[in-house]
1. Taking every Cα atom in the protein assembly as shown, find the radius of gyration and the maximum pairwise distance Dmax, and write them in Å.
2. If you average over every viewing direction, what projected area does the convex hull of the Cα atoms of the range A:260-389 give, in nm²?
3. Using a Gaussian network model on chain A with a 10 Å cutoff between Cα atoms, which of A:R253, A:R120, A:R265 fluctuates the most?
4. Which of the trypsin sites (Lys or Arg not before Pro) across the range A:189-233 are loop residues per DSSP, with 11 or fewer other Cβ within 10 Å?
5. Is it possible to state the helix-based mean residue ellipticity at 222 nm for chain A, with each DSSP H run of 4+ residues giving -39500 (n - 2.57), the sum divided by total residues, to the nearest 500 deg cm²/dmol? What is it?
6. Taking the highest mean first, how do the peptides B:139-152, B:54-67 order by number of other beta carbon atoms within 10 angstrom per residue?
7. Take the Cα radius of gyration of the range A:1-136 and divide it by 2.2 N^0.38 Å, with N its residue count; two decimals is plenty.
8. Where the only charges are on Cβ atoms (+1 Lys, Arg; -1 Asp, Glu), what is the dipole of the range A:1-113 about its Cα centre, to the nearest 20 debye?
Amino acid sequence: MTSLLRWVLIVMAWLFAALLYRPSQFSRARFGADELAINAGAASPVFKKTAVNAGQALPMVHVASLATLPAGIEAVVWYGGSKECAPDVKIYFSESEHGGGWSSPRVIMSRELAEHDLQRPLQGLGNAVLLSGSDGSLRLLFTTIAMGRWSGSQLNTCLSKDGGITWSPARRLTLSPFFNLSDLVRNRAISLAGGGWCVPIYQEFLGKFPELLWLKESKGQLEYCKSRIAGGCSTFQPSLVPLDDARALAFLRDYTDNRKVFLSRSDDGGCSWSKPVASQLPNPDAGISGLKLSDGKLLLSYNDSSECRDNLALALSRDEGKTWEKLTMLEQESGSSFSYPFLIRTEDGLINLAYTYKGTGIALTEFNEAWVADTLSSLSRSKVMVPQP
Amino acid sequence: MTMSAETLHQLYAAMAPWLAVSLLLLGRNPFLSRVRMVGSLTLSFFLLCFPVEEWSMFSWIRMVEPNPSFTLTGLLGVLLYERLSGKKIFRPEDWNAAWLVGTLAALILYPMGLGLTHIDPYAWGWNSILPLAIAAAATSLLLKANRFGIILILSLVGSLLHLQESTNFWDTLIDPIYGAVSLVAVMILVVARLRRRA
């Protein structure tokens with residue numbers, strides 16, 4: 001190699017590295033105003049339970065996710081099929097109808113369609129989450145399984161600009177260095193000031209740990225990166241609740257013998273997180289979902305058991321997660337399963353809670369803050385102290 | 001006619017398997033006829049196009065490893081060129097540099113990237129520091145006339161051209177196959193050196 005060639009190559013290396021320079025879209029992220037300006041809703045208590053997929057006779061449905069469409073329509077996605085990770089699992093979509101009730105479930109993603117779009121064989125589909133854009137678009141984040149079970153999964157995305165009727169071809173997101181294994185999505189995404197999303201995701205490969213996916217559309221291109229809440233094999237499936245534009249809480253599902261809901265805090269827009277600390281709320285290694293109320297209280301939907309998912313409860317915190325009061329038991333039936341709650345607030349201030357009902361149904365409970373206040377005043381409270389993370 | 005990003009990613013991801021299978025078919029015979037060379041390259045292509053359960057072998061390999069690194073593809077390219085031309089273009093020190101960089105990258109990336117700590121080095125691949133570090137490593141190697149420096153520049157070029165499905169710079173530099181081969185090669189080098197000392 002001649003000296004001249006070496007120097008030409010060195011100059012090229014630095015030129016290419018300089019051309020690859022791009023300022024991070026997410027380094028100074030702040031949570032969006034629409035997450036923080038909360039509409040408390042009607043003054044009179046509202047509480048209603050409905051079945052989203054009534055009449056859908058599938059052996060298994062699971063992991064519901066909600067999003068608000070323009071004109072106040074609610075959309076739900078979930079997956080269903082013969083069993084988890086089976087090749088016949090499809091992702092279903094339903095939306096609220098003006099007269100009440102839900103539209104018939106419609107398949108928006110199947111294994112065959114994902115295989116066609118991604119141009120590779122797949123074993124099945126899994127968890128999906130909907131992101132509702134300020135321009136009326138809907139982005140679907142969904143899990144595909146390449147091999148095995150959840151440890152062999154990857155995340156993908158597609159976009160709808162007509163309220164979920166048609167979808168763009170799916171695109172694979174590369175989020176892990178080891179054969180892109182294995183990232184999953186489960187909980188509500190948080191919008192960012194200036195556009196974009198902070199999506200709670202998690203890994204289930206050698207470790208189980210919570211992460212954040214940062215997404216933004218820029219000049220027609222989807223830009224993304226991820227950051228970590230915690231490592232190890234202890235906590236995962238984060239549920240993110242912004243406290244203000246910079247501070248946030250992450251509620252974490254427990255994979256340890258503690259069997260407690262864990263909490264982690266961020267003071268810098270989700271860039272760095274405190275070490276997760278166990279609360280005294282029980283967790284039977286099951287999904288949880290949190291939401292901030294208009295008066296600053298925090299609402300958490302969880303299984304109030306350290307062993308099984310045979311109930312679904314609500315708890316309330318007045319001090320940003322330090323202490324909790326059990327609010328009410330929404331479901332309870334021995335031997336049954338009520339799991340994977342997903343909390344969201346609608347434009348009119350209603351709180352919607354979707355969850356898996358006995359493994360074969362997607363249930364939706366609608367209530368408002370007036371009902372929460374009513375319930376709180378009428379129930380005997382059990383205060384639980386939680387160490388400060 | 002423009003090529004879609006998805007097609008470009010598929011074509012790039014097919015290169016490393018094609019190079020690897022071609023090398024296997026060429027075998028170790030030092031006297032290769034032109035027919036054997038062309039035949040091996042063609043046969044490896046058709047073998048990888050062969051459908052298994054409706055999908056080509058290329059697609060099955062892409063299901064497992066959608067982002068072969070440019071380093072791995074470059075090194076396989078070097079091996080194939082050497083095999084076809086009979087000329088050595090990589091000296092032992094060039095290969096040693098390849099295995100050392102692969103080992104170092106694998107040890108930094110995989111344990112922490114897969115959750116050993118709360119630090120995630122994989123996230124560094126989305127900011128601009130890593131390409132600068134690779135430019136510095138390539139400079140250092142090229143100043144010593146080490147030809148592996150040229151392969152490192154390939155990772156910068158590949159990233160600029162968006163040839164991979166991944167947008168993370170780590171994936172241009174290392175993949176689990178290159179990482180594993182590097183670790184084994186470095187262990188063999190270390191054992192050989194220890195034996196020589198003994």
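1. 26.3, 90
2. Quarter of the Cα hull surface area: 8.5 nm².
3. For chain A, modelled as a Gaussian network with Cα springs under 10 Å, the answer is A:R120.
4. Taking the range A:189-233 and a limit of 11 other Cβ atoms within 10 Å, the loop trypsin sites (Lys or Arg not before Pro) found are A:K219.
5. The helix-only estimate for chain A comes to -3000 deg cm²/dmol at 222 nm.
6. For the peptides B:139-152, B:54-67, the packing ranking is B:139-152, B:54-67.
7. 1.69
8. Here the range A:1-113 has a charge dipole of around 420 debye.
The values are calculated or read from the model by the stated rules, or taken from the named source; none is laboratory data. Treat the numbers as computed from the prediction; the structure is a model and nothing was measured. Positions of Cβ are backbone-derived with ideal geometry, glycine not excepted, and every protein chain shown enters the neighbour counts. When the accessible area is computed, the model is the full protein with side chains, heavy atoms only, and any ligands, DNA or RNA have been set aside. Shrake-Rupley method; radii C 1.70, N 1.55, O 1.52, S 1.80 Å.
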